[in-house]
Amino acid sequence: MLPKYKKVGKVLSVSMVAVLSLSLLAACGKKEEAKTPESTDTSAVVATYDGGTITANEFDMEQRVMKFLYPEYAQMMDMDDFKEYLVKQEVAYEYLSGKATEEAKTAGTKAATEQFDKMKASVQADQWTEMLKAQNLTDDNIKDYMTRIMTVIKDKETGVTDDAIKAEFEKNKDQFTTASVRHVLINFTDPKTQKERKKEDALKIAKEVKTKLDGGADFAEIAKKYSEDPGSAEKGGLYENTPVSTWVDAFKEAAKTLPLNKISDPVETEYGYHIMKVEARTEADFTKLTAEQKESLKSQLAAAEIDTFMQNELDKIVKEVKLPKTEKAEEGTTEGTTGTGTEGEKTTEPKTDDSKGTDTKTDQGTTGTDKDATTDEGTSSK
C-alpha cells in the first residue's frame, strides 16, 4: 500500500469505468490474449504474487498504455515509489481478472470493445496513429488493457444491489445536479500585472460590480468588461448546464442554494470574489436517472470494492517487488516551470483533476482542482 498516492489511485481506477480516454482526448490486456511480447518474454521478473508474475516487459507495456490514456501522469512515472504503486496496481487487476467469472469476462470484453471504439472514433485517424506511435503501441495493446480493467469492474458489479445504487446516488447528488450560472470573478491576482491583490481591494471591486448589477446593468456586458475568469468572461460569464460537482466548494454551494435570477453578494473562493446569478438549476432525482447514469453509479460501487481489495488484501498477495531504481538527473540540470496565470495552482506536478464538463485550464475560479492528488486524502486503489 502506498498511501501517498491514495487520491491518484481513485482517479485511475474510477475513471476507467466511464470512457477511459477523456483526459487523453482533452489533452491533444490479458496476457494470454496479447500477441507480443509475452509469448517470447524473457525479461526479468519485477513482481511476484500468488499465482503469477509481472515481467519487466509487461510492466513497460503497462506504463506506456498508462501514458497513452493518462498523459497527465507521465511525469510521475519517473518516480520510484510511483512505479511501485503502478506495478502493484497491475498485479491487482491481473489477479482479480484471473478470478473473474466467465460471464464477467464476456461482459468485460464487450464493454471494453464498445469504449475502445468510441474512444478511437473521437480522434482523427492520423492523430490516433501518431498517438499510438508515440508510445509504441497497437490497438490490441489498448484493448487488452481495457478488457482486463472492465472484466474486474463487471465481476464486482454482480454483487451491487438496487438499494446500494440508490444509496450511492444519495451520497453523490451533486454529480447529477446541473446549473446554468453567470458570474463575475475579481481575482486575488491582477491578471494584467500578475501581482497579488489585497483581499479588501478585490472585495471593493466586487461590491462595485454588484452595485452596477443591482442597478439594472446587463450581466453579460458587465461580465465581459469586469470578469477575470478567462473561461467565461467572453461568454458573458455563463457556465451553462454544468454539473455543480465540477466547481470549488463555495461556488458549488452558492450554485445549489441561491434563489434563481438573484444577484448574489460576493462569494469568496480561493481564486477571488464572485458575483453570481443562477439562471437555471436541475435538481437530482433518482427516479429520473437514465439507465446510463444508474450504470455509472453501479460501476462506482464496483470500483469501491476494488479499492477495498487493494487497501486490505493486496499486500497479502504481493510476494516481492524488484524494480530497478531510476537514475537521478544531475543536480542543477532540471529546468523549472512557471505558471501561465490561468491554472488554479502553479505547480510542476501534473494535474489530477477528474472533473467533467469544463476545461480546467480556463475555468479559473470555478472549477475544482484536485490539489491533494499526492496526499492521503480520498479513497485508494492501493
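Quick look at the values:
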{"quantity": "Å² per residue, accessible surface of the stretch 78-200 at 1.4 Å", "calculated": "50"}
{"quantity": "Gyration tensor verdict on the stretch 130-223 (Cα atoms; rounded if a/c is under 1.5, prolate if a/b is larger than b/c, oblate otherwise)", "calculated": "oblate"}
{"quantity": "Positive minus negative residues near E228 (Lys, Arg vs Asp, Glu; Cβ under 10 Å)", "calculated": "0"}
{"quantity": "For the stretch 208-330, the Rg and Dmax computed from alpha carbons only, in angstrom", "calculated": "22.8, 70"}
{"quantity": "Fraction of accessible area attributable to carbon and sulfur, the stretch 177-261 (%, probe 1.4 Å)", "calculated": "47"}
{"quantity": "Relative contact order [Cα under 8 Å, 6+ residues apart], the stretch 61-158, whole percent", "calculated": "44"}
{"quantity": "Under 10 Å, Cβ to Cβ, from F188 - net charge with Lys/Arg +1 and Asp/Glu -1", "calculated": "-3"}
{"quantity": "Listed residues Q75, A92, T106: farthest to the positive end of the dipole of the stretch 50-139 (Cβ charges)", "calculated": "T106"}
{"quantity": "Calculated FRET value between K316 and K288, using beta carbons and R₀ = 30 Å, to 0.05", "calculated": "0.10"}
{"quantity": "Peptides ranked, highest mean first, by Cβ atoms within 10 Å: ranges 141-152, 302-313, 123-134", "calculated": "141-152, 302-313, 123-134"}
{"quantity": "Members of K156/K316; K195/K225; K99/K298; K207/K235; K210/K235; K192/K256 lying beyond 24 Å, as alpha-carbon distances in this model show", "calculated": "K192/K256"}
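The values are calculated or read from the model by the stated rules, or taken from the named source; none is laboratory data. In this text, all values refer to a predicted model and were calculated from it rather than measured experimentally. No Cβ is skipped: glycine too gets one built from the backbone with ideal geometry, and neighbour counts run over all protein chains shown. Just so you know, the surface numbers come from the protein's heavy atoms only, side chains and all, with ligands and any DNA or RNA stripped out. Shrake-Rupley method; radii C 1.70, N 1.55, O 1.52, S 1.80 Å.
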